[in-house]
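Peer 1: Following this message is one structure expressed as structure tokens.
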Amino acid sequence: MFGKKFSFTRNTAPALSFIADGTMLTGNIEFSGDVLIGGEIQGQILSQANIIVEKTGRIHGEIKCREFIIDGYFKGRLICERLIIQSRGIVDGDVACTSMQINEGGQFIGLRIKEDHQTIHAHSLPSTTSTNVLLSPNQDN
């Protein structure tokens, strides 16, 4: 029993990350897998996969991801391959994307630049000196 060696292998697919309603993150955040956002984020988000913003989700800042699906609120700069604005979603800012879909009731306020896949991947977010992430409960003021 104790003589056997066990090997643990890491699953190659990154897990889903979840930012719950009532959570507030501030700073530069990187995700390797999909992320579901129900809370509030202020800062830069870099994801190698998809970002989904629930109706309670609010983001202020800059985002680069593969696909951005929003049913909440986003204000800032967005770089993605595909943008989908759901019926309660609001995107306010500059968007560079290959394709964009706005469902009935969704709102887009800003400037959109249509880019091809190669150009989207060449875009980068400006780096900042802070790489810390601050976790705190969302408080009504």
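Peer 1: Select from segment 14-41 the residues that are of a type in the set (S, T, N, Q), closer than 23 Å to His123 by Cα and part of a strand (DSSP E or B) and list them in ascending order.
Peer 2: Of the residues in segment 14-41, the ones of a type in the set (S, T, N, Q) are 17, 23, 26, 28, 32.
Pick out the ones that are also closer than 23 Å to His123 by Cα and you get 26, 28, 32.
Thr26, Asn28, listed by residue number.
Peer 1: Suppose we keep only residues that are of a type in the set (Asp, Glu) and crowded, with 19+ Cβ neighbours inside 10 Å within segment 12-41. Which one would you say is farthest from Glu81 (Cα to Cα)? Talk me through it step by step, then tell me what you get.
Peer 2: Keep residues of segment 12-41 that are of a type in the set (Asp, Glu), which gives 21, 30, 34, 40.
Narrowing further to those that are crowded, with 19+ Cβ neighbours inside 10 Å: 34, 40.
On the way: Asp34: 14, Glu40: 23 Å.
Top of the filtered list is Glu40.
Peer 1: Tell me, which strands (runs of 3 or more DSSP E) lie completely within segment 42-122 with 1 or more residues that are touching a residue at least 12 places away in the same chain (Cβ under 8 Å) and buried (at least 20 other Cβ atoms within 10 Å of the Cβ)?
Peer 2: Values: elements: 50-53, 58-70, 73-85, 90-102, 107-114.
Correct list: 50-53, 58-70, 73-85, 90-102.
Bear in mind these aren't lab numbers, they're just calculated from the coordinates by the rules spelled out. Just so you know, these numbers come straight off a predicted model, no measurement behind them. Every residue, glycine as well, gets a Cβ built from its backbone with ideal geometry; the counts of neighbours run over all protein chains shown.
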